[in-house]
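Peer 1: Structure provided below as structure tokens; questions to follow.
The values are calculated or read from the model by the stated rules, or taken from the named source; none is laboratory data. Fair warning: this is a prediction, and the values are worked out from it, not measured in the lab. Reconstructed Cβ throughout: ideal geometry from the backbone, glycine too, with neighbour counts over all protein chains shown.
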Amino acid sequence: MATLSNSKITALISIITAVFAAARLSAEPAHSLTVGENSSEPLGFDTAVPTFSWKLPVGIKRQTAYRIQTTSEAKTWDSGWVNSEQSVFVPYGGQPFMSRQRVEWRVDFRDENGKGSGWSQPAHFEMGLLSTNDWKAQWIRPPDETNSNPDAVGNLRHGFILPHAVESARIYVTARGFFELRLNGGRVGNDHFANGWTSYNKHVDTLTYDVTSQLRVGTNSLEALLGTGWYAGRLMSGRNKYGVHPELLLQLEVTYKDGTRESVSSDRDWEGTYDGPVLSSSIYDGESFDARKEATNWRPVVANPNLGPERITPKPFPPVREQALMSPTNITEPQPGHFVFDLGQNIVGWARIKVPVEKDQTVTVHFAEMLNSDGTLYTKNYRSAKSTDTYVAARTGTIEWEPHFTFHGFRYVELSGLPKEAKPSTKWVSGVVLHSDLPRIGKFESSHAKLNQLQSNITWGQQGNFVDIPTDCPQRDERLGWTGDAEVFCPTAMFNYDCLGFFKSWLRTMRDDQLLDGRIPPVIPGVLVDNDSPGWMDSATIIPLETYVRSGDVSVLAENYDMMQRLVWWYRSQSVDGLLPNIKGYGDWLQPYAKNREGETPFPLIGAAFYAHSAQLLAQAAAVLKREDGMKLYADEAATVKRAFARQYFDANGKLQNAPETQTAYVLAIAFDLLPPDLKLKAGANLVRLVKEADGHLRTGFLGTPFIARVLDDTGHSDLAYDLLFQESYPSWFYPINQGATTMWERWNSFTLDKGFGDAGMNSFNHYAYGAIGQWMYERVAGLAPDPEHPGYKHFFVRPLPGNQLDSARAELQTPYGLASSAWAKRNRKLIMDIVVPPNTTATIEFPNGRKPELVAAGSYHFEL
Ligand code: BGC
């Protein structure tokens, strides 16, 4: 009898399993139906003409046709059978949906053999209020005379009677500022910092809640708290960027069991006061609560029936919600009566305290990301942000409390003002982790503990800074939507979480705040307009392209094409013979060892590099959108600038000229493809020389660091890329980990064990920008990379790069089509590769040993090399 080798047996088993799986599953229907930006059964959906996405069961290779049916109010739209592989972002072709409409939809598909799957389970969604005309409500706020503190929290209330049993009820609500709502004493929804941060004078997002079960026949009461938040609170050194007083807009729409309807709206019948137990609340400074106070001094509200010029539409992505609770790992008492709780992890959110209190005593809750050497809190890096919560007790006993409208970036919580005899317990403090409630979709892991810690730090950095908008940092008196930081981090972010709706919404604000001449403010929402910085403004071109490539949603290009053009036109208006001699900006921000924060790479070089890159991305967008007018125009423009750049800054040996030699200058030239192929390789060799001269270390800031590993890799120096990634000494990704980092830091040496803290003026311990290396970890170390030609992972590359420092690495990602993964491990002198290609996609596997690449269909693959 012939014997089969182990590997053949494994192969045979996988074939048999695959055959059974195919036979069993081909009749299974599609699943995971979503609308728009991957929203699953949304309530208060925002798009009248949505797109539909679904996933095919594992075992299906390819979709050859689909059929969609929507039903709403007894009307059906049927796409009929459409011969197409498209299973994500498929446009709806019926009558636009209207406000409040509830829609049911389902999908049928045919597989690669033409066999139909049958209808999927139906999915639902319900439209929010799409037009300002849908609103009968008025903007309301408590009267001014009860307001003595600029961050006073408003209280609103309204009682009403419902005569009949309720069939269904919705609350449509928003605020200029933050709101928290209660209905008959129970919280409405579980969202925080609602309704998020938009450019409020131009656009306000609304939320929709199903409150059917919270209503009763007879008397009901609505109560709201209103905080200044981003609308009227402190932002950098100013306040009231959008207005002085927060306001609420609310409409409760009730359908009775007998089919009749009624609505209750915010209007002059409500009462308000600033005289309540929440004395004040500020994002930067914290919240003060006096439990002894009942809200008093109620007066008729100030009501404004003029809804204003801003667009008022449903929020297009999930709000901030509680994500996790962290328990203290250690308690110390560095000063008498001051207990410091260590959560073991730098987080963003607040502390929920459950502590013994004494009547009339104030419990003070302080926060810090780091400790001083004597164990007390290090808070200098918060700058002017007070980040302090206080609670005044109404009676002696145990209380449980958390704030409403503030958040802190912290690892340590200090409690003081507790009864003398109280013995601290880890139960006293829970760290509440808050961020935009986005689905986690990616995972990276390896055989190396520090690399895994880096991935953890990157992910925590993302969580802490995705608080409704992408921020630079979450703790000091800043916390703004810095464009450059978001731009470099976007590809990594798109691996860890499904951020499509998050970024699309932020880009909408960017469009709202783009200046008339095409410039993009350095922070979005645009509350600062002080610098035209290449590398920051280009978030307007880079983020649309990156999100498109990683999601496959072409609308992100269509929506932003105009903004992208206007930025490129601005660059053009500044250019002299394709170069940008007069440009300034933030430079290669925070380059290590440079004399100033802007680094040593000249502004004009950075400017021309980003001008060329943005023009190139615009040309790509024009090609995708089939904008004939733009395709050639912008491709030519990019080519002209590239030529001028290469001529000005590079000699025939690919060496920098007319500018100091910096790593970042080489990195940008190569990353943005600004040099002809031969020069590119020579430039790569020069970059290698500079890295070696720096003893195998980075000399790059915010602009160069994100690309350096990729650029070395692309020019044939992947070993050096690995060495940089695994470098232990300053400056490097592992260096902060060696100093105890649990998040990404603003500087590699924000704190060192031997020298202590860096310059407190710029010293965030939660700054994701350098976390941009995560992209290379997913795409190359583990080897899961999108194909820009077939966006959304319709086709992708598996191109792992097993480095000497690692025994194994693995990445997985919930792509729009389903789970993809790439894992490799070195075992018994063999390289084992395990790959999963989701249904309806293909992948090209590039083998690290030089074996011929293979194009494979959906399925699971195992290789031993
Ligand atoms: C922010 C940065 C930002 C920079 C602009 C800083 O204050 O924290 O991350 O990109 O300003 O140079």
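Peer 1: Would you check which residues across the stretch 189-225 are farther than 22 Å from Leu438 by Cβ and of a type in the set (A, V, I, L, M, F, W, C) and list them? Step through it out loud before you land on a result.
Peer 2: Taking the stretch 189-225 first, the residues farther than 22 Å from Leu438 by Cβ are 200-202, 211-225.
Once the filter is applied, which keeps residues that are farther than 22 Å from Leu438 by Cβ and of a type in the set (A, V, I, L, M, F, W, C), the stretch 189-225 yields Val211, Leu215, Val217, Leu222, Ala224, Leu225.
Peer 1: When you check Gln453 against the structure, is it part of a helix (DSSP H, G or I) and away from the ligand (no atom under 16 Å from the Cβ), yes or no? Can you show your working first?
Peer 2: On the way: part of a helix (DSSP H, G or I): yes; away from the ligand (no atom under 16 Å from the Cβ): yes.
When the stated conditions are applied, Gln453 passes them.
Peer 1: All but one of (1) within 14 Å of the ligand (Cβ to nearest atom); (2) crowded, with 24+ Cβ neighbours inside 10 Å hold for Gln463; which doesn't?
Peer 2: Single failed check for Gln463: (1).
Peer 1: Can you give me the number of residues within the stretch 223-250 that are closer than 28 Å to Glu294 by Cβ and in contact with a Leu (Cβ under 9 Å, 6 or more places away or on another chain)?
Peer 2: Of the residues in the stretch 223-250, 10 are closer than 28 Å to Glu294 by Cβ and in contact with a Leu (Cβ under 9 Å, 6 or more places away or on another chain).
Peer 1: Those residues that are charged (D, E, K, R), assigned to a loop (DSSP other than H, G, I, E, B) and closer than 28 Å to Ser551 by Cβ, I need them from the stretch 841-863; list them, please.
Peer 2: Initial filter on the stretch 841-863 (charged (D, E, K, R)): 846, 851-852, 854.
The next check asks that each one be assigned to a loop (DSSP other than H, G, I, E, B); those that pass are 846, 851-852.
Of everything in the stretch 841-863, just one residue is charged (D, E, K, R), assigned to a loop (DSSP other than H, G, I, E, B) and closer than 28 Å to Ser551 by Cβ, namely Glu846.
Peer 1: Among the residues of the stretch 466-489 satisfying the criterion of being in contact with a Pro (Cβ under 9 Å, 6 or more places away or on another chain) and away from the ligand (no atom under 14 Å from the Cβ), which is nearest to Arg411 (Cα to Cα)?
Peer 2: Residue satisfying both the conditions and the ranking: Val467.
Peer 1: Sort out which residues of the stretch 357-413 are in a loop (DSSP other than H, G, I, E, B), more than 27 Å from the chain's Cα centre (by Cα) and closer than 30 Å to Leu181 by Cβ, and write them in order of number.
Peer 2: In the first step, residues of the stretch 357-413 are kept if they are in a loop (DSSP other than H, G, I, E, B); the result is 358-361, 369, 372-376, 379, 383-387, 393-396, 402-407.
Okay, now just the ones that are also more than 27 Å from the chain's Cα centre (by Cα), so 358-361, 372-376, 393-396.
Listed by number, the residues that qualify are Ala393, Ala394, Arg395.
Peer 1: Do we have Thr379 as among the β-branched types (Val, Ile, Thr), surrounded by fewer than 23 Cβ atoms within 10 Å (Cβ to Cβ) and more than 30 Å from Arg187 (Cβ to Cβ) here?
Peer 2: On the way: among the β-branched types (Val, Ile, Thr): yes; surrounded by fewer than 23 Cβ atoms within 10 Å (Cβ to Cβ): no; more than 30 Å from Arg187 (Cβ to Cβ): yes.
Here the answer is no, as Thr379 does not meet what is asked.
Peer 1: List every residue pair whose Cβ atoms sit under 7 Å apart, with the two residues 6 or more apart in sequence or on different chains, where the first one lies in the stretch 610-626 and is β-branched (Val, Ile, Thr) and the second, anywhere, is modelled with pLDDT of 95 or more.
Peer 2: Within 7 Å, the pairs are Val624/Val554; Val624/Leu557.
Peer 1: Ok, one more. Return the pairs, sorted by first residue and then second, in which the second residue is modelled with pLDDT under 95 and not in a loop (DSSP other than H, G, I, E, B), the first residue lies in the stretch 18-40 and is farther than 21 Å from Phe52 by Cα, the beta carbons are less than 6 Å apart, and the residues are 6+ apart or on different chains.
Peer 2: none
Peer 1: Continuing with this model, one more query. Out of His767, His862, His795, I need the residue that is closer than 21 Å to Val556 by Cβ and either at pLDDT below 95 or of a type outside the set (D, E, K, R) (or both). Which one?
Peer 2: Numbers: His767 fails: closer than 21 Å to Val556 by Cβ; His862 fails: closer than 21 Å to Val556 by Cβ.
Going through His767, His862, His795 in turn, the sole match is His795.
Peer 1: Which is out of contact with any strand residue (DSSP E or B) (no Cβ under 9 Å at 6 or more places or on another chain), free of Cβ contacts under 8 Å to residues at least 12 places away in the same chain and more than 16 Å from the ligand (Cβ to nearest atom), of Leu507, Leu516, Leu545?
Peer 2: On the way: Leu507 fails: free of Cβ contacts under 8 Å to residues at least 12 places away in the same chain; Leu545 fails: free of Cβ contacts under 8 Å to residues at least 12 places away in the same chain.
So the residue among Leu507, Leu516, Leu545 that is out of contact with any strand residue (DSSP E or B) (no Cβ under 9 Å at 6 or more places or on another chain), free of Cβ contacts under 8 Å to residues at least 12 places away in the same chain and more than 16 Å from the ligand (Cβ to nearest atom) is Leu516.
Peer 1: Taking the condition within 16 Å of the ligand (Cβ to nearest atom) and either modelled with pLDDT of 95 or more or crowded, with 22+ Cβ neighbours inside 10 Å (or both), does Glu693 pass? Spell out how you get there, then give the answer.
Peer 2: Details: within 16 Å of the ligand (Cβ to nearest atom): no; either modelled with pLDDT of 95 or more or crowded, with 22+ Cβ neighbours inside 10 Å (or both): yes.
It is false that Glu693 is within 16 Å of the ligand (Cβ to nearest atom) and either modelled with pLDDT of 95 or more or crowded, with 22+ Cβ neighbours inside 10 Å (or both).
Peer 1: Another one. For the subset of the stretch 750-770 comprising residues that are crowded, with 17+ Cβ neighbours inside 10 Å and more than 21 Å from the chain's Cα centre (by Cα), which member is nearest to the ligand (Cβ to nearest atom)? Outline the logic, then answer.
Peer 2: Going residue by residue through the stretch 750-770, those that are crowded, with 17+ Cβ neighbours inside 10 Å are 750-751, 757-758, 762-770.
Remaining after also requiring more than 21 Å from the chain's Cα centre (by Cα): 750-751, 757-758, 762-763.
On the way: Ser750: 12, Phe751: 17, Phe757: 17, Gly758: 14, Met762: 6, Asn763: 10 Å.
If we take residues in the stretch 750-770 being crowded, with 17+ Cβ neighbours inside 10 Å and more than 21 Å from the chain's Cα centre (by Cα), then Met762 is nearest to the ligand (Cβ to nearest atom).
Peer 1: How many residues are crowded, with 21+ Cβ neighbours inside 10 Å and acidic (Asp, Glu) if we restrict to the stretch 39-97?
Peer 2: Residues in the stretch 39-97 being crowded, with 21+ Cβ neighbours inside 10 Å and acidic (Asp, Glu): 1 in total.
Peer 1: Sort through Ile331, Ile353 and tell me the only one that's outside any loop (DSSP other than H, G, I, E, B), of a type in the set (A, V, I, L, M, F, W, C), in contact with a Ser or Thr (Cβ under 7 Å, 6 or more places away or on another chain) and closer than 17 Å to Ser416 by Cα.
Peer 2: Numbers: Ile353 fails: in contact with a Ser or Thr (Cβ under 7 Å, 6 or more places away or on another chain).
So the residue among Ile331, Ile353 that is outside any loop (DSSP other than H, G, I, E, B), of a type in the set (A, V, I, L, M, F, W, C), in contact with a Ser or Thr (Cβ under 7 Å, 6 or more places away or on another chain) and closer than 17 Å to Ser416 by Cα is Ile331.
Peer 1: Which fully enclosed strands (runs of 3 or more DSSP E) of the stretch 247-325 have 1 or more residues being more than 24 Å from Trp401 (Cα to Cα) and within 36 Å of the chain's Cα centre (by Cα)?
Peer 2: It comes to 247-256, 261-265, 302-304, 311-314.
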